[in-house]
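Trainee: This is the structure, below, for whatever I ask next.
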Amino acid sequence: MRTALAPNPAISPATDPAMTTTEPAAASQMPGRATAPAYVSIEGVGKSYGSRHGAVHALAGIDLEVREGEFLSILGPSGCGKSTLLKCIGGLERVTKGSLAVRGQPLSGPPAKAGMVFQRDVLLDWRTILDNVLITAEFLGQSREALKPRALQLLQRFGLSGFENRHPWELSGGMRQRASICRALLCDPELLLMDEPFGALDAMTRDDLNLELARIWQDTRKTVVFVTHGIAEAIFLSDRVVMMDRNPGRIVEVMEIDLPRPRTLAMRETPEFGRYVAHIRHLFAGLGILKEG
Amino acid sequence: MRSTLHEIASVLGVIAAAMVLWEIGVWILKPPPIILPAPSVIFAEFLQAPSYFLRQTAYTIYTTLAGFGLAAVLGLVLAIGIVHSRLLEKTVYTLLVALNSVPKVALAPLFVIWMGTGIEPKIAIALMLALFSVVIDAVLGLRSVDPDMLNLARISRASQFAILRKIRLPNALPSIFAGLKVAISFALVGAIVGEFVAGSEGLGFAILTAQGQFDTPRVFVCLLLLGLLGTVLFYLVEGAERISLPWHVSQRGHASGH
């Protein structure tokens, strides 16, 4: 799929025309990535709301920095508030406590240059795949015509060439989710928020999309916050994994994943990968979330 | 297209069969013609003065379509307002629902007092009867949006107008058409009621005068014309739906497929 974008020796892979970005890919190899500036700063964030059974604390005492250009996963059981946290970062939900800033600016509403991918693809049935991707341009008030070549390139890169003029219902679940990722990437967001994007897909499609996402991230260095309940998926994709527990939703541990890139599916069988999995599994078992036997 | 023709053919077949049974039934049971005339007698009655009947039909069509068109536009505007404004929801929507529980036909004489005996009160009654189903179904459709669809628009900082035009309205179209299909039948009822109450033209008026003369065949001609009219109007709205919603689940069987 990528070879279709005629490789130009004059430009580095990072300046792949479909994936323009401000940061060179070489940055990933720099050892001091931990010192990258914070893109999102979350301080003492809490979110509560009233319900029939009294106050519910969806989030409590969340302190977290999402570094510029990192791939961060938020992992936890259902009900731990990981999706709520993601929506707060996206300015789609208000926090009731603490402060949240994107690039140093306190958040009031969705941040500029953010894209989001949801668990369900939420493609619009009345639009073709191409028009679904281009809706981001329409919403942002940018020219459809100007972004059409980029949309077509993205679709090609995600293996959707030939499906531009089809409607969503004519595509498989995996293809639909690819199209929704293209839609999120259309206007070259700096921050990509992903809410269990592969949770509804079968295991093989999921592996496939994990690989593609890892590759895209490698090339573009977007700041990604990825919510998942898949342990292997979180380790495979991330620079750091944030583990959360519920009642109230809180962070219990943040773990650096020190596996080389580019990542391959075969890495999941290595002892290092196994140690990360074991560590996370042990942690959740200790919290009473994973029970064996 | 073939399936549409097939559908029309089967509808016509059923109606023709019913007519034949009716004719045979009258021929065997011989009810007094003032109670139930045979279809052949009704048809002969129509042929005696086709221009009269067609003129009355045209008048009723005009009243019905005017009332329906106004109800569609006004209903959609009201629904958009109700969905976007708490105030309108609390006032207009509440009033509409309260008014809906009044048997609206009972308000027809009031419209005659207000507007006289011309075509205006008939259009107004048709409008009033059709309006509710448009508003209620449109409000339902405009509200039934996947929250993540709205989140998608909000993360791209879409304006309320863009959300309405690009998400809410297309998403509500199936529901809006469901309302319109009910509304067209109600508009026809409204038109006839208007002609009953104070009319000098139209199929409703023709039925009333024929009743005064105990001319049962003429009543039946009008009734059959009304049935035909109602069916054609309904299928016109459905045709518009098919053209507007090739993407909807209910229409995919008809779309030129892959």
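Trainee: Would you mention how many residues in the stretch A:156-170 are more than 11 Å from chain B (Cβ to nearest Cβ) and open to solvent by less than 50 Å² (accessible area, probe 1.4 Å)?
Mentor: Qualifying residue count, the stretch A:156-170: 5.
Trainee: Out of the residues in the stretch B:1-50 that are assigned to a loop (DSSP other than H, G, I, E, B) and in contact with a Ser or Thr (Cβ under 8 Å, 6 or more places away or on another chain), which is surrounded by the most Cβ atoms within 10 Å (Cβ to Cβ)?
Mentor: The residue in question is B:Pro37.
Trainee: Something else: Give me the residue from the stretch A:114-155 that is basic (Lys, Arg) and within 9 Å of chain B (Cβ to nearest Cβ) and, out of that set, least open to solvent (accessible area, probe 1.4 Å).
Mentor: Selected residue: A:Arg127.
Trainee: Considering only the stretch A:217-230, I want to know if a residue exists there that is touching a Leu at 6+ places or on another chain (Cβ under 9 Å), part of a helix (DSSP H, G or I), touching a residue at least 40 places away in the same chain (Cβ under 8 Å) and buried (at least 19 other Cβ atoms within 10 Å of the Cβ). Write out each step before concluding.
Mentor: As a first pass, look at the stretch A:217-230 and keep what is touching a Leu at 6+ places or on another chain (Cβ under 9 Å): A:217, A:220, A:222-230.
Retained after the next criterion (residues that are part of a helix (DSSP H, G or I)): A:217, A:220.
Pick out the ones that are also touching a residue at least 40 places away in the same chain (Cβ under 8 Å) and you get A:217, A:220.
When the remaining residues are screened for being buried (at least 19 other Cβ atoms within 10 Å of the Cβ), the result is A:217, A:220.
Checked against the condition, which is being touching a Leu at 6+ places or on another chain (Cβ under 9 Å), part of a helix (DSSP H, G or I), touching a residue at least 40 places away in the same chain (Cβ under 8 Å) and buried (at least 19 other Cβ atoms within 10 Å of the Cβ), the stretch A:217-230 yields at least one hit.
Trainee: While we're looking at this one, here's another question. For the stretch A:104-113, name all the residues that are of a type outside the set (Ser, Thr, Tyr) and more than 8 Å from every other protein chain (Cβ to nearest Cβ).
Mentor: Passing the criteria: A:Gly104, A:Gln105, A:Pro106, A:Leu107, A:Pro111, A:Lys113.
Trainee: Please report, ordered by residue number, the helices (runs of 4 or more DSSP H) entirely within the stretch B:83-161 with at least 2 residues that are within 27 Å of the chain's Cα centre (by Cα) and surrounded by fewer than 16 Cβ atoms within 10 Å (Cβ to Cβ).
Mentor: Answer list for the stretch B:83-161: B:94-100, B:108-115.
Trainee: Select from the stretch A:252-288 the residues that are open to solvent by less than 40 Å² (accessible area, probe 1.4 Å) and touching a residue at least 60 places away in the same chain (Cβ under 8 Å) and list them in ascending order.
Mentor: Residues satisfying the conditions are A:Ile280, A:Phe284.
Trainee: Just a yes or no: is a residue in the stretch A:73-80 touching a strand residue (DSSP E or B) at 6+ places or on another chain (Cβ under 9 Å), without any contact (Cβ under 8 Å) to a residue 12 or more places away in the chain, surrounded by fewer than 22 Cβ atoms within 10 Å (Cβ to Cβ) and more than 9 Å from chain B (Cβ to nearest Cβ)?
Mentor: The answer is no; no qualifying residue exists.
The values are calculated or read from the model by the stated rules, or taken from the named source; none is laboratory data. Note that the coordinates shown come from a computational prediction; the quantities given were computed from them, not determined experimentally. Positions of Cβ are generated from backbone atoms using ideal geometry, with glycine treated the same way; all protein chains shown enter the neighbour counts. Quick note on the areas: whole protein, heavy atoms, side chains included, nothing else; ligands and nucleic acids left out. Shrake-Rupley method; radii C 1.70, N 1.55, O 1.52, S 1.80 Å.
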